[in-house]
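Structure, as structure tokens:
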Amino acid sequence: MDRSVEHRDDKEQIEAEAAEWVIRLGGDPLDAQARASFQRWHSQSVSHAEAFEFAQNTWAELAGLREAPGSLSPDRVSSKPGPQRLLAGTGMPHTPRRPIWWGAGMAAICLATAIGVSSFWYGSPITMMVADYRTLPGEQRSVTLSDGSVVDLSSASAIALHFSDRERRVELLEGAAYFTAAPKAGGESRPFVVEGAQGTATALGTQFVVDRLSDAVEVTVIEHEVRVNLNDAEHQSASAVLSPGQSVQYSARTGLGKVQEKDVELAAAWRQGKLIFDRVPLADVVAELNRYRRGRIVIGNPTLAGRTVSGVFSTRDLDRALATITQELGIRSASVPPLVTLLY
């Protein structure tokens, strides 16, 4: 392995371990064995001590944003150690007891540091500039386009219109949308095309859903047919025609997937204020829940990402949904309200 890659991996591992210790030290008191384990870890190297200090101080800054909201950038993170005391009988530093929201993972730290608090409330500023229509977290909107087509936007979704003499193209910038395409009839001869990432969905009928997932785009047909094309250089010839009740996912990394049968009620459940999961990986469930929340949920322990979730949840009571999921999976959560909730 390249030494630079190996060093980066070691650094990321130490940062992840530091975040875990911040969580544990901010929760229930540690027993003697756990205290000794922390002391050994903390004294292993200067890198371990620095990573632990960084995790503490970054979250001290983030917690302060609850009272004075604004962007959090790396130069705001204090380089001075926060107030500490020694755990009895160990001689090792321990931050005074914090509320449960104090603990969180490095993934959440990086998230909040990189994008700033404003994005939690208003979404990506880039999307705001280029979108013609968009929704905020928890909001849905129905838009009638100039050709008579109707677009139902899911929560935290955005589209940009690129209509021309040749085609009616709609770019799905983020989120999900239910399209009811006006058919080619009378004076309308242009195809209706939805672009999402490196692919397109061309309506051969009327109703379909396009959903930008965390690592792919999914197209589901509700009525008539849709032709899906993947347009990147490696998979430029990949295409499929979907019939009602069928879906397909595509990405530049994996190409065009296999056509699958899909419950159309599940695909558009968000239109009725429901989220339906049937053995869905926790990572995908979290991505979906994040569309409906002004804060963010992050998974602090990578081993949890593949755990599957099944259930029907209301978009109007996501706190209960999250509580049910954590209880069913036997995992814990820590929060910096209203910014970040960590699952670990």
Could you figure out which of (1) in the same structural domain as A182 (by TED's automatic domain parsing); (2) crowded, with 16+ Cβ neighbours inside 10 Å; (3) not hydrophobic (A, V, I, L, M, F, W, C) isn't true of N290? (1)
In the set D165, D132, D147, D152, the lone residue that is modelled with pLDDT of 85 or more and farther than 25 Å from E218 by Cβ is D165
Give the number of residues within segment 140-152 that are assigned to a strand (DSSP E or B), of a type in the set (A, V, I, L, M, F, W, C) and either surrounded by 18 or more Cβ atoms within 10 Å (Cβ to Cβ) or touching a Lys or Arg at 6+ places or on another chain (Cβ under 6 Å) (or both). 1
Among the numbered conditions (1) modelled with pLDDT of 90 or more; (2) part of a strand (DSSP E or B); (3) buried (at least 17 other Cβ atoms within 10 Å of the Cβ), tell me where A334 comes up short. (1)
Mind listing whichever residues of segment 298-314 are over 17 Å from T341 (Cα atoms) and touching a Gly at 6+ places or on another chain (Cβ under 9 Å)? S314
Count - residues of segment 198-247 that are under 15 Å from L266 (Cβ atoms), part of a loop (DSSP other than H, G, I, E, B) and free of Cβ contacts under 8 Å to residues at least 60 places away in the same chain: 3
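Can you tell which of R307, R316, R253, R279 is outside the structural domain of E15 (by TED's automatic domain parsing) and surrounded by 15 or more Cβ atoms within 10 Å (Cβ to Cβ)? Spell out how you get there, then give the answer.
Working: R316 fails: surrounded by 15 or more Cβ atoms within 10 Å (Cβ to Cβ); R253 fails: surrounded by 15 or more Cβ atoms within 10 Å (Cβ to Cβ); R279 fails: surrounded by 15 or more Cβ atoms within 10 Å (Cβ to Cβ).
So the residue among R307, R316, R253, R279 that is outside the structural domain of E15 (by TED's automatic domain parsing) and surrounded by 15 or more Cβ atoms within 10 Å (Cβ to Cβ) is R307.
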Give me a count of the residues in segment 153-172 that are buried (at least 19 other Cβ atoms within 10 Å of the Cβ) and part of a strand (DSSP E or B). 6
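The values are calculated or read from the model by the stated rules, or taken from the named source; none is laboratory data. On a predicted model such as this, the values are computed, not experimentally measured, just so you know. Counting neighbours? That spans all protein chains shown, and the Cβs are built from the backbone with ideal geometry, glycine included.
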